[in-house]
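This report refers to the structure that appears directly beneath it.
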Amino acid sequence: MSDFAERIGKTLAEIERTKRMAGAPDRVASYLSPLYTSLIRDIMSEVKQQVKEEVLKELKNHDVD
């Protein structure tokens, strides 16, 4: 989980730096799009992994009962 939090934190920090440095709105959008895409991918990947772990845990618990 720490690795996930670090990745998200770094991406959010990069987004904030980019917002300040980019200047014109069209440049901001073009610079931020890949960062937001990366952020969403990281979040979805982590959620997917957590759901998978929970489902497997529930299946194992169900098999034991």
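Out of region 24-49, which residues are assigned to a helix (DSSP H, G or I) and small (Gly, Ala, Ser)?
To start, the set of residues in region 24-49 that are assigned to a helix (DSSP H, G or I) comprises 25-49.
Selection gives 29, 30, 33, 38, 45.
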Test: residue in region 2-23 that is in a helix (DSSP H, G or I), basic (Lys, Arg), free of Cβ contacts under 8 Å to residues at least 40 places away in the same chain and in contact with a helix residue (DSSP H, G or I) (Cβ under 6 Å, 6 or more places away or on another chain): yes
Can you give me the number of residues within region 12-26 that are more than 18 Å from residue 40 (Cα to Cα) and either surrounded by 13 or more Cβ atoms within 10 Å (Cβ to Cβ) or in contact with a His (Cβ under 6 Å, 6 or more places away or on another chain) (or both)? 1
Is at least one residue of region 28-45 in contact with a helix residue (DSSP H, G or I) (Cβ under 8 Å, 6 or more places away or on another chain), free of Cβ contacts under 8 Å to residues at least 24 places away in the same chain and either surrounded by fewer than 11 Cβ atoms within 10 Å (Cβ to Cβ) or hydrophobic (A, V, I, L, M, F, W, C) (or both)? yes
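All of the numbers you see were taken from the coordinates with simple rules; none came from a lab. Here the structure is a predicted model, which is why all the values come from computation and not from measurement. We place every Cβ from the backbone using ideal geometry, glycine too, and count neighbours over all the protein chains shown.
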